[in-house]
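**Student:** What follows is a structure written as structure tokens; I'll ask about it next.
Rule-based calculations on the coordinates, nothing more; no lab input. Please read all numbers here as calculations on a predicted model, not as lab measurements. Cβ coordinates were reconstructed from backbone atoms using ideal geometry, including for glycine residues, and neighbour counts include every protein chain displayed.
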Amino acid sequence: MKRLLYYFIAIVSILSLGSCQNNGYIGWIFGVWRVESYTVDGQRQDSEMIRNATFGFQNNIVNVVTYTDAETLSDQIDNYGTWREDGEWFEFNFSHSDYNNPPNTGIYSVPYWLGFVSGEVMRMKIVERKGNTFKLQWQDPDGKLREYKFEKTW
């Protein structure tokens, strides 16, 4: 009887691994990507928050995690939004809400240290995609060209 119970637990565990991707495989973007570089009109932007920012993609949700204390990785900021890929275009939307957070606030606010703007869908062009890296370009409402290079961590 114990042996049957162990087999049952093993089968349930294996089947549950498939659900970790939330609605199945979403393609090349699934996983966690670190912000390798961020430029504005060709000028590299650098801060501890930029160097410690990652984007996690699962289903249509993006979770931007930024550690404000890089040594201990104890303090972090989480920003949640949605994403969509459409051919050579990539969209981010951080205008969601819930009972505790009005639109563009709390966990649904934009990662402003990366130049994201609230209240609008940001449509970015995929300008490069090679192996475990990709680049996005976006012209912000002020006409500045922002480029983000990502490197996959897992």
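**Student:** So what's the net charge close to residue 106: Lys and Arg +1, Asp and Glu -1, counting the other residues with Cβ under 11 Å from its Cβ?
**Tutor:** -2
**Student:** Follow-up question, since we're still on this one. How would 89, 154, 138, 33 line up from fewest to most surrounding beta-carbon atoms within 10 angstrom?
**Tutor:** Ascending Cβ contact count within 10 Å gives the list 154, 89, 138, 33.
**Student:** Another question, if that's okay. Mind jotting down the distance between the C-alpha centroids of segment 27-67 and segment 132-154, whole Å?
**Tutor:** Here the answer is 9 Å between Cα centres.
**Student:** So what's the net charge close to residue 141: Lys and Arg +1, Asp and Glu -1, counting the other residues with Cβ under 15 Å from its Cβ?
**Tutor:** Within the 15 Å Cβ shell, the charges total -1.
**Student:** Test of understanding: what is the full-extension gain from residue 101 to residue 41, defined as 0.36 nm times their sequence separation minus their Cα-Cα distance? Before the final figure, lay out each step's value.
**Tutor:** Numbers: separation 60, 0.36 × 60 = 21.60 nm, distance 3.31 nm.
Stretched fully, the residue 101-residue 41 segment lengthens by 18.3 nm.
**Student:** For segment 29-152, give the magnitude of the charge dipole about the Cα centre (Cβ charges: +1 Lys/Arg, -1 Asp/Glu; no others), in debye to the nearest 20.
**Tutor:** With Lys and Arg at +1 and Asp and Glu at -1, about 400 debye.
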